[in-house]
Protein chains: 2
Amino acid sequence: MPRTSQKPHRIAFGDRVRALRTDRGLSQEKLAELSGLHRTYVSSVERGERNIALDNIHELADALDVPVTELFEIRP
Amino acid sequence: MPRTSQKPHRIAFGDRVRALRTDRGLSQEKLAELSGLHRTYVSSVERGERNIALDNIHELADALDVPVTELFEIRP
């Protein structure tokens, strides 16, 4: 799915998860393990392809050890 | 669905939406109209019964005219 056809806020969320994950030196596999989500799901979230829901948003925040608000912070 | 059996973060999210809505003197009908969501859906979100997804989270934030982070701020 080309990024241009995706919703900007899904892309922004995915980019934010990737930035937080890589900042912590975590692989997608490790973040998937920590969050209890499937690696391919984490990968598709990071690509901005998922309309991720509240429960999984909280699982990712917990796994990244950040408050949920941090996942929605727009960083340049 | 008794509140006790619901996920705390869904209840917190719903309580936050209700607080922001009532602060703005909006009815559930008006918030539903502004967000393009169904009134019964807004009502169930506020009762903490919905695993609301990213797209609808953004619709509600836009309708309430707040950044998405505001919907996840924990207020005493």
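The helices (runs of 4 or more DSSP H) found wholly in chain A and carrying at least 2 residues that are in contact with a helix residue (DSSP H, G or I) (Cβ under 8 Å, 6 or more places away or on another chain) and basic (Lys, Arg) occupy A:8-23. Among the residues making up the stretch A:1-31, those that are within 18 Å of A:Pro67 (Cα to Cα) and open to solvent by less than 20 Å² (accessible area, probe 1.4 Å) are A:Phe13, A:Gly14, A:Val17, A:Leu20, A:Leu31.
Looking at the stretch A:38-69, which of its residues are open to solvent by less than 10 Å² (accessible area, probe 1.4 Å) and more than 13 Å from chain B (Cβ to nearest Cβ)? If the condition is that a residue be open to solvent by less than 10 Å² (accessible area, probe 1.4 Å) and more than 13 Å from chain B (Cβ to nearest Cβ), then A:Val42, A:Glu46, A:Leu64 are the ones that fit.
The values are calculated or read from the model by the stated rules, or taken from the named source; none is laboratory data. As the structure is a computational prediction, the values presented were derived from the model and not from experiment. For neighbour counting, all protein chains shown are included, and Cβ atoms are generated from backbone atoms with ideal geometry for every residue, glycine included. Surface accessibility is based on the protein's heavy atoms, side chains included, excluding ligands, DNA and RNA. Shrake-Rupley method; radii C 1.70, N 1.55, O 1.52, S 1.80 Å.
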